[in-house]
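Each remark here refers to the structure printed beneath this line.
The values are calculated or read from the model by the stated rules, or taken from the named source; none is laboratory data. None of the values given here were measured: they were computed from a predicted structure. All Cβ positions, even for glycine, are placed from backbone atoms using ideal geometry, and neighbour counts span all protein chains on display.
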Amino acid sequence: MAETTVHAAPVERTSTGLPSVKLAMWLFLASECLLFGALITTYVLYRGASTTGPYPNEIFDIRYTSVSSFVLLASSLTMVLSLTAAEQRDFARMRLWLVATAMLGLTFVGGQVYEFTSFYHEGLTIKSNLFGTTFYVLTGFHGVHVTVGILMLLSLVGMSWAGRLPDDQAFPVEMVGLYWHFVDIVWIVIFTVVYLIPQAKPAG
Amino acid sequence: MTMERLDEFHEEVGAQGIADPREAGHARRRHPSAKEYVRIGIILVVLTTLEVWTSYSGLPHGLLIGMLFGLALVKFVLVVLWYMHLRFDDARYSRFFIMGAAGAGILFLVVLLLLKAFAG
Amino acid sequence: MVTATSVPARRGIIRRPTAITGWWSWFTTVDHKKIGLLYGFSAFAFFLIGGIEALLIRSQLAKPDNTLLNADQYNQIFTMHGITMIFLFVMPMSAAFFNYLIPLMIGARDVAFPRLNAFSFWVFILGGLFLYSSWFLGGAPNGGWFGYPPNSTTDPSIGMTFYALGLVITGIASSAGAINLAVTVVNMRAPGMTLFRMPVFVWMGLVVQFLLAFALPIITVALFEMLFDRRWGTHFFDPTAGGQPLLWQNLFWLFGHPEVYILILPAFGIISEILPVFSRKPLFGYQFVVFSGIAIGFIGFGVWAHHMFAVGLGPVANTAFGITTAIIAVPTGIKIFNWMGTMYKGDIHFDSPMLFAVGAVAMFVIGGLSGVTHAVVPSDYQQTDTYYIVAHFHYVLFGGAVFGLFGAMYYWWPKVFARQLDELWGKVQFWILLVGFNLAFGPMHILGLGGMIRREYTYPASLGLTFWNQVSTVGAFLIALSVLVFTVNAVKTQRKTKGLADEDPWDARTLEWTTSCPPPIYNFEEIPVVHSVDEFWHRKYVEDREGRLVRVPAGASDHPADGHTEGHAIHLPSPSFWPLVASVGLPVIAYGVLYSWWLVGAGALVTVVGFMGWAMEPPVAE
């Protein structure tokens, strides 16, 4: 593909020459690392510490969750493709990729809702044991982040469609994209720590 | 801001290492092409497949955990460097993020050690 | 500065507020100075409330076996005293000064995100009111500001649920404010204002914002885990199901210790501004003060377990954290010596701001020294959970932070209100406060070493603790008297007609004093160009051949780089309803968690609508 076309964006005069919103976004994401770090730490601390069942190895369906992981990865790809489109000022294509990203995100959240429901029916509630407690809260926090991301994506589509975005539409797309990819990398860690690493045999 | 004023501004501050806003505006645009994004996407899919395979592989526990963490780390870094294009962006964004990500990693590792999470 | 707004012209959903005066304008303002004032007034109101709680505590302890308060009331009052003073007074009061002064000190017209700034304030005040509404809805938090489980998770009253929710809300306010102010300092500096030309107050502000951004998410998670344990029966801190209360302690202090520096570094910044002005000398070792502040920020994240020496972490962990704790005394000591170096051979003027600044340094040193005594693990075993600790942290936080904040009020009052607080009454307040403070908290060292345990609601006469408790109570009432003197002074000053004989009453050194008092809404007509540390001072004085200071004659003081016309169309951010709307949803969600899912939905809807309206609205109205 040809070199991405450069369009002069309205440059704010800042001390660093960097846009304030982007600095703020990165600082926010850095701060979010601590949030998910604390949640993941809690999960890791309580791995195998549940005193009663159901235990993870009786509940998890890694194949099912793997599909969810692929969906979220794919949404990261559609997100960057939307950014490329925005940088080429092809706003219709940009919106298309944004909608695709939101749909993939919805699929992921839908998958999570289904997963939670089926775990519930297998007897794992948030009160059952430490596994239920830590699992639902950690993945739930992540799910809420995905949901917020979907809201932002759809707002972006709506605002772009209604002509309510600034001329440089690539910038807000890039910012929402940063958040979206962050949620994706958090899932990369959660997928490994929660699902992929086999649980040791339950204590007692 | 007039050009004359802008030049004066650079004269004032250029020596102190404050970036030229005109260049900074362009630097922000050096993002990977769609083809490169797709290539990274394919690598991520392959790595994830490998992860799932590893999880079922029945390798010795230590090796398995090492491999899974290694793969996750590679995926994490790929997304951050390409999709979040830190590789192409100003180093100051990376500094912010590394402070958070590495800081979280170190602090919480100490917490887990203090709570003897890996004992036994 | 002419902002290149490329936002297409459009109408908002509801009409955009335009008023910048009148009572309604306070609800929609995005001006950092007004928001600073809102923070200041709210924080001072909470200071008075927290002070009344302190007086109740001291009255209860004034005699043995007292029955003024019962144990339950006492628990609620000491918990709310701690929460109020930390989260609703010192933090927002520091935010008030950061908000008002940082843009002025770095030569900016506003913060980086003015509407986010308004949002932070509204979330803070609503979070504070939410916490206080607990008194009327079944009881205030009663498990201490540190909220250790399982006591806090199993307590049957509703208080600690309010604690968890309320602190999450105020945490959101502080996080948003932290990111905003950090980006402001990094990105909004005037031409020539390099990082190492910034006033130390701005530097300390930057460090504090980073501490907030990295510490608050940790407590947020801990609070959510507590909330889930209390509200939905999870087992995070439930030992009967394998949960570990020690996890809470680690997460809490991983936040809690950086929090200590969040409280004290603003005062360090204030002291570093006041001492040079009233010693008529530049700050001694500017770079050292800055770097030691940054060092405190980093090391502050590596000492948290010293709050847990007695819980049995083991000798290796205790030793390691004992060492890091001793190390953090080094950068703090560097600052103390730099301040002394600043005053050494200075032309010292003991005006009220200077008295408070010097008082803060002296009191902080006492608190710092007692702090070193519990960095030593065996010594801490003796002191932990006694009044010795209460004495220590009041010396650093009241003696350091609150003295510093009072100094800041006297120093910047003319800047903000164009009136000067009465000097005589200022000095009277200082001496009453100094005596009262030492009477209130000094004896607590003795009480603690004599075996008086923290948080006990009463004590028997046979323990021999009565005398020093009575001294302490007298001291507390003297502190109250000094606050009363300040309040009367402030009210009387505000009744005087506005106007200063000299708009630079202290012969100050930093940029905020180049503006009028109070500064115009746009702060600077022309964005200043900065050439050195203490820019304003160097515009006023030059050195002659013998190195003596000579005042630049009036009129010639116009800096050569000023006077450019950048075009006088100054685009200021316009007022907005949306930050207020978005913030109102948060306490509604919190009440919903307590009472009904419908409220959660309603609150979430309000917040989402608020953010949507915000996103659709351009920062500057056409």
Region C:197-226, residues that are more than 10 Å from every other protein chain (Cβ to nearest Cβ) and either part of a helix (DSSP H, G or I) or among the acidic types (Asp, Glu) (or both) = C:VAL200, C:PHE201, C:VAL202, C:TRP203, C:MET204, C:GLY205, C:LEU206, C:VAL207, C:VAL208, C:LEU211, C:LEU223, C:MET226
task = Please enumerate the residues belonging to region C:156-196 that are touching a Gly at 6+ places or on another chain (Cβ under 8 Å), within 14 Å of chain A (Cβ to nearest Cβ) and of a type in the set (S, T, N, Q).
result = C:THR194
query = Does region C:277-285 include one or more residues that are surrounded by 20 or more Cβ atoms within 10 Å (Cβ to Cβ), more than 14 Å from chain A (Cβ to nearest Cβ), closer than 23 Å to C:LEU511 by Cα and touching a Phe, Trp or Tyr at 6+ places or on another chain (Cβ under 6 Å)?
reply = yes
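Of the residues that make up region C:344-355, is at least one within 24 Å of C:ILE296 (Cα to Cα) and surrounded by 19 or more Cβ atoms within 10 Å (Cβ to Cβ)?
no
Per-residue answers, yes or no, for (1) aromatic (Phe, Trp, Tyr); (2) assigned to a helix (DSSP H, G or I); (3) over 20 Å from C:ALA95 (Cα atoms):
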site	(1), (2), (3)
C:LYS33	no, yes, no
C:LEU37	no, yes, no
C:PHE41	yes, yes, no
C:GLY50	no, yes, no
C:GLU53	no, yes, yes
C:ASP65	no, no, yes
inquiry  = If I ask for residues that are under 28 Å from C:ARG109 (Cα atoms) and in contact (Cβ under 8 Å) with a residue 60 or more places away in the chain, which ones from region C:587-622 would you list?
reply    = C:GLY613, C:TRP614, C:MET616, C:GLU617, C:PRO618, C:PRO619, C:VAL620, C:ALA621, C:GLU622
ask   = Out of all the residues in region B:41-48, is one or more more than 8 Å from every other protein chain (Cβ to nearest Cβ), at pLDDT below 90 and over 26 Å from C:LEU211 (Cβ atoms)?
value = no
query = What number goes with the only condition from (1) touching a His at 6+ places or on another chain (Cβ under 6 Å); (2) at pLDDT 95 or above that C:TYR74 does not pass?
reply = (1)
ask   = Quick one: C:PHE291 ticks every box in (1) surrounded by fewer than 20 Cβ atoms within 10 Å (Cβ to Cβ); (2) over 27 Å from C:ILE158 (Cα atoms); (3) within 14 Å of chain A (Cβ to nearest Cβ); (4) among the hydrophobic types (A, V, I, L, M, F, W, C) bar one, so which box is it?
value = (3)
task = Examine region A:53-66 for a residue that is farther than 27 Å from B:LEU115 by Cβ, in contact with a Ser or Thr (Cβ under 6 Å, 6 or more places away or on another chain) and more than 9 Å from every other protein chain (Cβ to nearest Cβ), and state whether such a residue exists.
result = no
key: Residues that are hydrophobic (A, V, I, L, M, F, W, C), under 24 Å from the mean Cα position of the chain (by Cα) and not in a helix (DSSP H, G or I), drawn from region C:403-456   = C:ALA418, C:LEU421
ask   = For region C:259-285, how many residues are in contact with an Asp or Glu (Cβ under 9 Å, 6 or more places away or on another chain) and in a helix (DSSP H, G or I)?
value = 4
query = For the subset of region C:219-240 comprising residues that are out of contact with any Gly (no Cβ under 8 Å at 6 or more places or on another chain) and among the aliphatic types (A, V, I, L, M), which member is farthest from C:GLU535 (Cα to Cα)?
reply = C:LEU227
request  = Filter region A:117-131 for residues that are surrounded by 18 or more Cβ atoms within 10 Å (Cβ to Cβ) and in contact (Cβ under 8 Å) with a residue 12 or more places away in the chain and give the result.
outcome  = A:PHE119, A:LEU124, A:SER128, A:ASN129, A:LEU130, A:PHE131
query = Out of region B:83-112, which residues are in contact (Cβ under 8 Å) with a residue 24 or more places away in the chain and more than 7 Å from chain A (Cβ to nearest Cβ)?
reply = B:HIS85, B:PHE88, B:ASP89
key: Condition broken by C:VAL491, with the remaining ones in (1) in contact with a Leu (Cβ under 9 Å, 6 or more places away or on another chain); (2) within 22 Å of C:MET409 (Cβ to Cβ) satisfied   = (1)
inquiry  = All but one of (1) within 12 Å of chain B (Cβ to nearest Cβ); (2) under 23 Å from B:THR49 (Cβ atoms) hold for A:GLU115; state the number of the condition that does not hold.
reply    = (1)
